[in-house]
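The values are calculated or read from the model by the stated rules, or taken from the named source; none is laboratory data. Since the structure is predicted, the reported quantities are computational estimates derived from the model, not experimental observations. Every residue, glycine among them, receives a Cβ derived from its backbone with ideal geometry; neighbour counts consider all protein chains shown. To get the accessible areas, we keep the full protein, side chains included, count just its heavy atoms, and leave off ligands, DNA and RNA. Shrake-Rupley method; radii C 1.70, N 1.55, O 1.52, S 1.80 Å.
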Amino acid sequence: MTHIIDTLLNVTEGVLLVEYPATGHPELTFFEVLNGWREKGITPLIVDIGDTLHVFLQNLRFEGIDLSVDDIPVIKERGMVEVGKVLGYVEVIEDFDYHLATYGQLAKKVPKESRDHTIVVGMEKFSFTFIDDPPKLERYFETVTRRYLSIKGRTSFLFLNTDVASEYLRKGLEQDSDYVLRVRGREVRVLKSPGVMVNEL
C-alpha cells in the first residue's frame, strides 16, 4: 500500500476526491482503500455509478488481482451489472428531490457498521446528464452533493475520471472536497489537503 493512502485511511472525517486520467489505473487505488479499510475492520458502502465498480474489478483481474466484494453493501446509480451486496437502484438523476428521496430510502438499508465509510465510483458520469446545463449542475451541488455527502463523522472517497468529467464538475468537486488526490498507476500525489488549496500548489 502506498504511504499516502495508508496515511489517508486514518482520516476520520472528510471527503477525499481521487482524480485520475482515463489511463490512470484508479482501480489500484480503489483496491488499496478497500483492503486498507478491511484490515482496520471497516466494511464501507460503495456507491456504484453506471457500472464503474464492475469495470474496476475487471481491470484488477487484468492486473492479476481477484478482489471479492460479495460482502460489501452497494447502492447502484443507474447501470445494469450487479456486483457486491446490492441494496437497490437509483435510476433517476435529473430530478434532485426524487434522487435524494430514493437514495434516502436505500440508505436506511445500509448496515450500521458501513454508514460512516463510503467509496463512490463513477462520479464523472453525472456530468453526462448536465453537460449543456451548468446552472443545473450547480443546483446539483447545492441539492445533492452538499446534503448527500454529509461529512460529520464520516469519510468518503470519490473517484473521478478527469478526462471524461466536465471542468465544471471537476472544479465543483475539488471545491467541496477536503483532500484532492491525483492518481496515475501506483503514483499518488496530494493536490489539496486542509489548509492547502489546489491552486496553491
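Here are a few things to note about the model shown:
- Some residue of region 106-116 being assigned to a helix (DSSP H, G or I), modelled with pLDDT under 70, under 23 Å from His54 (Cβ atoms) and open to solvent by 30 Å² or more (accessible area, probe 1.4 Å): no
- Val33 being assigned to a helix (DSSP H, G or I), aliphatic (A, V, I, L, M) and open to solvent by 60 Å² or more (accessible area, probe 1.4 Å): no
- Candidate set: region 161-201, residues that are of a type in the set (Lys, Arg) and at pLDDT 85 or above; chosen: the one most open to solvent (accessible area, probe 1.4 Å): Arg184
- The set of residues in region 76-104 that are farther than 11 Å from Asp51 by Cα and in contact with a Phe, Trp or Tyr (Cβ under 7 Å, 6 or more places away or on another chain) comprises Val90, Val92, Ile93, Phe96, Leu100, Tyr103.
- Filter pass, Asn10 being open to solvent by 30 Å² or more (accessible area, probe 1.4 Å) and either of a type in the set (Asp, Glu) or touching a residue at least 12 places away in the same chain (Cβ under 8 Å) (or both): no
- Summed over region 75-105, the residues that are outside any strand (DSSP E or B) and within 22 Å of Thr43 (Cβ to Cβ) give a count of 8.
- Residue match in region 61-74 (condition: part of a strand (DSSP E or B) and either in contact (Cβ under 8 Å) with a residue 12 or more places away in the chain or open to solvent by less than 10 Å² (accessible area, probe 1.4 Å) (or both)): yes
- Close pairs from region 153-171: first more than 23 Å from Phe31 (Cβ to Cβ), partner among the charged types (D, E, K, R) and modelled with pLDDT under 80, Cβ under 9 Å, at least 6 apart: Tyr168/Glu138
- Count of region 13-30 residues, restricted to those that are part of a loop (DSSP other than H, G, I, E, B) and open to solvent by less than 10 Å² (accessible area, probe 1.4 Å), is 1.
- The numbered conditions (1) open to solvent by 10 Å² or more (accessible area, probe 1.4 Å); (2) at pLDDT below 85; (3) among the hydroxyl-bearing types (Ser, Thr, Tyr) are all true for Ser127 except (1).
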